[in-house]
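Single-structure report; data block below.
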Amino acid sequence: MNEQQATKRAEEIIHQAVDGMSPKPKIERIGPTPVGACIARDDGGPDDRLQVSLAYKLTGVPGSKAKSLVRQARDAWVKLGYKFQSSDADWSKPFPHVNMRTESDDFWMDAITGVVNRATGEGLASIGVTSPCFSRSASDRSTADPTALRRTQADEHAERRALDHSSRIYDALQLRHAPAQGGEGINNYQ
């Protein structure tokens with residue numbers, strides 16, 4: 001699987017849940033980029049793997065219908081034979097959520113709802129899909145600009161500015177700085 005295939009499959013799973021909903025919500029993407037580092041690194045695979053994670057707010061319907069939308073997503077996925085990661089949602093909780101997965105290709109899905117205004121009972125709903133991890137293709141690596149990995153004076157200047165800025169935020173919030181963990185640091189600039 002590559003990024004394009006993972007994204008296409010994730011979108012398909014989203015639409016399997018959303019397309020049959022009533023009332024029909026609009027889906028509004030959450031987050032700027034869906035592709036990131038693989039978070040399941042305990043399986044012995046290479047560390048340069050990626051995965052796609054798409055999340056959407058379900059909008060354009062009354063907030064009082066949010067719980068119903070999540071139930072409809074769950075029902076659509078169950079009908080397709082997808083399996084629960086844990087038991088079904090506890091619908092009496094303030095933020096019930098459903099966690100499921102596809103068995104054939106191991107995509108993970110979640111849907112969550114919650115009350116945002118207790119006085120009126122208005123709520124919100126979101127739905128997300130995460131792909132299994134996949135390797136970067138050889139063509140992806142060969143098309144990367146090798147100069148993008150070199151550290152320049154501009155990079156060092158940007159790093160100092162970012163660190164100064166983050167220190168001011170910590171100071172304003174009166175928070176202690178956490179010690180750096182192995183592998184942490186700033187190393188990407190746009």
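The values are calculated or read from the model by the stated rules, or taken from the named source; none is laboratory data. The model shown is predicted, which means the values in this text are computed figures rather than measured ones. Positions of Cβ are backbone-derived with ideal geometry, glycine not excepted, and every protein chain shown enters the neighbour counts. What goes into the accessible areas is simple: the full protein's heavy atoms, side chains included, and nothing from ligands, DNA or RNA. Shrake-Rupley method; radii C 1.70, N 1.55, O 1.52, S 1.80 Å.
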### Query
What are the residue pairs meeting all of these: first residue in the range 32-52, first residue within 17 Å of Ala6 (Cα to Cα), second residue modelled with pLDDT under 70 and small (Gly, Ala, Ser), Cβ atoms under 8 Å, and 6 or more apart or on different chains?
Cys38/Gly45; Gln51/Ala40
### Message
Quick test of your reading of the structure: Gln72 fulfils all but one of (1) assigned to a loop (DSSP other than H, G, I, E, B); (2) open to solvent by less than 80 Å² (accessible area, probe 1.4 Å). Name the failing condition by number.
### Response
(1)
### Query
Quick one: what pairs do we get from the range 106-126, first residue assigned to a strand (DSSP E or B), second surrounded by fewer than 19 Cβ atoms within 10 Å (Cβ to Cβ) and acidic (Asp, Glu), C-beta under 8 Å, 6+ apart or different chains?
Val115/Glu122; Val116/Glu122
### Query
In the range 2-25, which residues are surrounded by fewer than 16 Cβ atoms within 10 Å (Cβ to Cβ) and in a loop (DSSP other than H, G, I, E, B)?
Asn2, Asp19, Gly20, Ser22, Pro23, Lys24
### Task
Scan the range 76-91 for residues that are without any contact (Cβ under 8 Å) to a residue 40 or more places away in the chain and surrounded by fewer than 13 Cβ atoms within 10 Å (Cβ to Cβ) and jot them down.
Lys79, Gly81, Lys83, Gln85, Ser86, Ser87, Asp90, Trp91
### Summary
Of Ile39, Ile27, the only residue that is at pLDDT 90 or above and under 16 Å from the mean Cα position of the chain (by Cα) is Ile27
